[in-house]
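**Q** Quick one: this structure, given as structure tokens, is what I'll be asking you about.
The values are calculated or read from the model by the stated rules, or taken from the named source; none is laboratory data. Just so we're clear, the structure is a prediction, and the values are computed from it rather than from any experiment. Calculation scope for accessible area: heavy atoms of the full protein, side chains included, ligands and nucleic acids excluded. Shrake-Rupley method; radii C 1.70, N 1.55, O 1.52, S 1.80 Å.
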Amino acid sequence: NDYTHSKPTKAHHFIKMLHEQGSMRTYLTTSNDLLDRRAGFESTEYNHVGGLSLGPMCAKCEVDYALEKWVSEIQRFNGTSDSISKCKECNEPIKPRVNFLNLALRENIFEALTKVSKDCDLIIALDM
């Protein structure tokens, strides 16, 4: 999927509104499309329980690489090593900046979930 032009849904904005009103204690997402961020969430306001792609970066020096440029280069990839996207700084390959499953969770997430589940009135599960 090409998420570079995707926009948050009404559900994303609804969840953000609940957060702003103080009606939501914890927000977990398995989504890796960053639409939560585009709806206005800061990365510290929610927890990813699945993998997360944060865009391309250099495999060696970790310099960020423009996502749209990288997607375009991947679409034109012809299988040769000269068609691989390279870093302008060190000439190493560009790769996705990925947080794999569970690495993005804060250490106290399971403690927080246990407490929240005991005290909450409602749990909402959405497929956005």
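**Q** Solvent-accessible area of residue 117, probe 1.4 Å, all protein chains present, reported in Å² to the nearest ten, please.
**A** 70
**Q** Another question about this same structure. So which of 7/95; 60/86; 60/95; 60/88 end up more than 20 Å apart, counting from Cα to Cα?
**A** From 7/95; 60/86; 60/95; 60/88, over 20 Å: 7/95.
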